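The values are calculated or read from the model by the stated rules, or taken from the named source; none is laboratory data. Here the structure is a predicted model, which means the values were calculated and not measured. Cβ: placed from backbone, ideal geometry, glycine included. Neighbour counts: every protein chain shown. Just so you know, the surface numbers come from the protein's heavy atoms only, side chains and all, with ligands and any DNA or RNA stripped out. Shrake-Rupley method; radii C 1.70, N 1.55, O 1.52, S 1.80 Å.
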Amino acid sequence: DAGVIQSPRHEVTEMGQEVTLRCKPISGHNSLFWYRQTMMRGLELLIYFNNNVPIDDSGMPEDRFSAKMPNASFSTLKIQPSEPRDSAVYFCASSLREQGVSGANVLTFGAGSRLTVL
Amino acid sequence: KQEVTQIPAALSVPEGENLVLNCSFTDSAIYNLQWFRQDPGKGLTSLLLIQSSQREQTSGRLNASLDKSSGRSTLYIAASQPGDSATYLCAVRRGDAGGTSYGKLTFGQGTILTVHP
């Protein structure tokens, strides 16, 4: 398996533009997480899905942020309109939510999408 | 609200030393605890996962312990090497009311480790 795949790896955009970050979780994983990492705040959970259903979106900063998971192999995180304070590295992670299964519940991260909003 | 604290924030040691990284959490109702490594500009790599019912896990030169009742975990690195230099993060996963792992992962701020030759 190629692991969790995120795109783009880097994005530079201007304030007010729409940004869409994409994630392909590990095949067979049923939980997907979006995290944001900054120097000031560390890693923050934005939202997570279980079986494609959003379970907890309390970490989503505001209405400018939205996330979707239309199927088990794809998720998007959208920021519209983007602002300079959204600049961060956005990580997607996935895991298999199962009890008693070897390797289950281990969170595997993608390489991240570094967003810079000018 | 779960809070995870890692001490020290940074650590610099000579090659060959054994070292301990500390992680504490405020809510002991966890499902599991996971240690990660992050290299500069890269994503996180899982090192060890300890289920709430376990006391420790070992992988090579790494040993992680968990004392759920006191809200503490340690990551022990034996015979450190320059290649161990990275940021080490611990994260706890909350269990849901049914005792399963719906719960989100809460991360500490990390310990920046530098092992110099």
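Some notes on this structure:
- Residue that is nearest to the other protein chains (Cβ to nearest Cβ), among those in the range B:10-23 that are open to solvent by less than 40 Å² (accessible area, probe 1.4 Å) and closer than 23 Å to residue B:104 by Cα: B:23
- Residue ID - surrounded by the fewest Cβ atoms within 10 Å (Cβ to Cβ), chosen from residues in the range A:1-10 that are part of a strand (DSSP E or B) and within 13 Å of another protein chain (Cβ to nearest Cβ): A:10
- Applying the set (1) of a type in the set (Lys, Arg); (2) closer than 25 Å to residue A:97 by Cβ; (3) not in a strand (DSSP E or B) to residue B:93 leaves exactly one unmet item: (3).
- For the range A:11-58, residues that are open to solvent by 60 Å² or more (accessible area, probe 1.4 Å), in a strand (DSSP E or B) and at pLDDT 95 or above total 3.
- Filter pass, residue B:7 being within 11 Å of the chain's Cα centre (by Cα), open to solvent by 50 Å² or more (accessible area, probe 1.4 Å) and more than 27 Å from residue A:115 (Cα to Cα): yes
- When B:114, B:106, B:26, B:45 are screened for being within 10 Å of chain A (Cβ to nearest Cβ), surrounded by fewer than 17 Cβ atoms within 10 Å (Cβ to Cβ) and hydroxyl-bearing (Ser, Thr, Tyr), only B:45 passes.
- Residues in the range B:50-91 that are within 30 Å of residue A:7 (Cα to Cα), in contact with a Lys or Arg (Cβ under 9 Å, 6 or more places away or on another chain) and not acidic (Asp, Glu): B:86, B:87, B:88, B:89.
- Screening residue A:86 against (1) touching a residue at least 24 places away in the same chain (Cβ under 8 Å); (2) surrounded by fewer than 18 Cβ atoms within 10 Å (Cβ to Cβ); (3) away from every other protein chain (no Cβ under 14 Å); (4) more than 20 Å from residue B:45 (Cα to Cα) leaves a single unmet condition, (2).
Table: residues versus (1) closer than 30 Å to residue A:8 by Cα; (2) without any contact (Cβ under 8 Å) to a residue 12 or more places away in the chain; (3) among the charged types (D, E, K, R).
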{"residue": "B:27", "(1), (2), (3)": "no, no, yes"}
{"residue": "B:32", "(1), (2), (3)": "no, no, no"}
{"residue": "B:37", "(1), (2), (3)": "yes, no, yes"}
{"residue": "B:59", "(1), (2), (3)": "no, no, no"}
{"residue": "B:79", "(1), (2), (3)": "no, no, no"}
{"residue": "B:82", "(1), (2), (3)": "no, no, no"}
{"residue": "B:92", "(1), (2), (3)": "yes, no, no"}
{"residue": "B:105", "(1), (2), (3)": "yes, no, no"}
{"residue": "B:111", "(1), (2), (3)": "yes, no, no"}
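- Any chance residue A:61 is surrounded by fewer than 20 Cβ atoms within 10 Å (Cβ to Cβ), out of contact with any strand residue (DSSP E or B) (no Cβ under 6 Å at 6 or more places or on another chain), more than 14 Å from chain B (Cβ to nearest Cβ) and closer than 17 Å to residue B:106 by Cα: yes
- Selected residue (criterion: farthest from residue A:108 (Cα to Cα)) from residues of the range B:71-105 that are among the hydroxyl-bearing types (Ser, Thr, Tyr) and modelled with pLDDT of 95 or more: B:80
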